[in-house]
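**Q** Here it is, the structure, as structure tokens.
Since every read-out is calculated from the coordinates, none of them should be taken as a lab result. Quantities reported herein were computed from a predicted structural model and do not represent experimental measurements. Glycine also receives a Cβ, built like all others from the backbone with ideal geometry; neighbour counts cover every protein chain displayed.
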Amino acid sequence: MSVLAALALLAGAAVGVWRWQASRDPKVDTALPDMDRALADVLAAAGDEPAVAVNGLVRAATCPLGVLRTGGRYSRTAELYVAGGDEDTLIGRIAQRLPATYQAHRDTVTSGSAPPLTADLAGGVRVSVRQLGIGWLVADAATGCVAGPATTPDSAPPPEDPAVPAITTLLDSLGTAPAILTTTTLDCPAGQIRTVAAISRSTDSGRLADRLTVPAGARTYLAAGSNRVAYRDGTASIIVAASDDGTAITVRRTTPCR
């Protein structure tokens, strides 16, 4: 056998080994059901008091999986809003109500916030619930280093979705209209938890708490210093906030598991 033929054979074998190793890498698609289940269990444990919103899957960091193979650490979150001062009570309630298999525990308190909750699932997913601000918490389900897409696509809600006219009416009351509409779903025991989100056209996003008319009887929560209003009107949660750059208004409307 010539030297060139031997090198080609070795190269082919190396590629075969690389592909075999890549096929054994943990996949984000495999972890996603555990992530959904963790967030759905957290929201169920939180009860019907908080206003909530579900966010999509994001690649939070890049990490090495092996030789010439790059993976990512993926995260999926849900936000929860309660009255200021009730953050610790809510996290404690979630810790008590989560299934025993989670082995949830409260960590050491930091910076005057409520002690966060963490738990590890058998599939390598870690779930945490922590305070972001006054009356504002986030539940995060995160993977270890896994193979998967760099981004995940957003989907638009169908025009007949009842959230679309509700969000359109709300933004109209603030002097603007939706520019982009997307929907995020979270699998849960009875079906799905669904968040429809809108980014408005360019507009004044200031003083939302003063400008927004919240329906009578709704439970209202203000995230202090964040120019956002969260409220729960019946079973629907609505969160209105200024966009990150302050040039638009965002609205998220979430319906419970059904």
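**Q** If you put +1 on each Lys and Arg Cβ and -1 on each Asp and Glu Cβ, how big is the dipole of the range 126-258 around its Cα centre, in Debye rounded to 20?
**A** On the way: 12 positive and 11 negative charges, 78 e Å.
For the range 126-258, the charge dipole is close to 380 debye.
**Q** Which order do the peptides 31-43, 155-167, 196-208 take when ranked by the mean count of other beta-carbon atoms within 10 Å per residue, highest first?
**A** 31-43, 196-208, 155-167
**Q** Which angle from 0 to 90°, rounded to the nearest 10, does the C-alpha axis of helix 28-46 make with the longest principal axis of the chain?
**A** 30 degrees
**Q** Send over the semi-axes of the range 28-146's equivalent ellipsoid, whole angstrom and largest first, taken as the square roots of 5 times the C-alpha gyration tensor eigenvalues. Mind showing how you got there, number by number?
**A** Details: eigenvalues 137, 42, 35 Å².
Working from the Cα gyration tensor, I get semi-axes of 26, 14, 13 Å.
**Q** What order, most packed first, do the peptides 100-106, 71-77 have when packing is the mean number of other Cβ atoms within 10 Å of each residue?
**A** Listed from highest to lowest mean packing, they are 71-77, 100-106.
**Q** Just order 45-54, 212-221, 177-186 by mean Cβ neighbour count inside 10 Å, highest at the front, would you?
**A** Working: 45-54: 20.5, 212-221: 13.6, 177-186: 17.3.
My ranking of the peptides, most packed first, is 45-54, 177-186, 212-221.
**Q** Consider just the alpha-carbon atoms of the chain and return their Rg together with their Dmax, both in angstrom.
**A** In order Rg, Dmax, the Cα atoms of the chain give 21.9, 85 Å.
**Q** By how many degrees, between 0 and 90 and to the nearest 10, does the Cα long axis of helix 163-173 differ from the longest principal axis of the chain?
**A** Roughly 50 degrees between the two axes.
**Q** Enumerate the calculated ³J(HN,Hα) couplings along the range 181-192 in order (Karplus 6.51 cos²θ - 1.76 cosθ + 1.60, θ = phi - 60°), each rounded to whole Hz, writing x wherever the residue is Gly or Pro.
**A** Working through the residues one at a time gives 10, 9, 10, 10, 10, 10, 5, 9, x, 9, x, 8 Hz.
**Q** Let me ask something additional. Projected onto the charge dipole of the range 163-255 (+1 at Lys/Arg Cβ, -1 at Asp/Glu Cβ, origin at the Cα centre), which of THR235, ALA198, LEU208 gives the Cα projection farthest towards the positive end?
**A** Among THR235, ALA198, LEU208, the one farthest towards the positive end of the dipole of the range 163-255 is THR235.
**Q** Moving to a separate point now. Return the long-range amide H neighbours of ALA60 (sequence gap of 5 or more, or a different chain), with a cut-off of under 5 Å between placed amide H atoms.
**A** Those qualifying (amide H under 5 Å, at least 5 residues apart or on another chain) are ARG73, TYR74, SER75.
**Q** Cα centroids of the range 223-258 and the range 144-195: how far apart, whole angstrom?
**A** With the range 223-258 and the range 144-195 each reduced to a Cα centre, they are spaced 12 Å.
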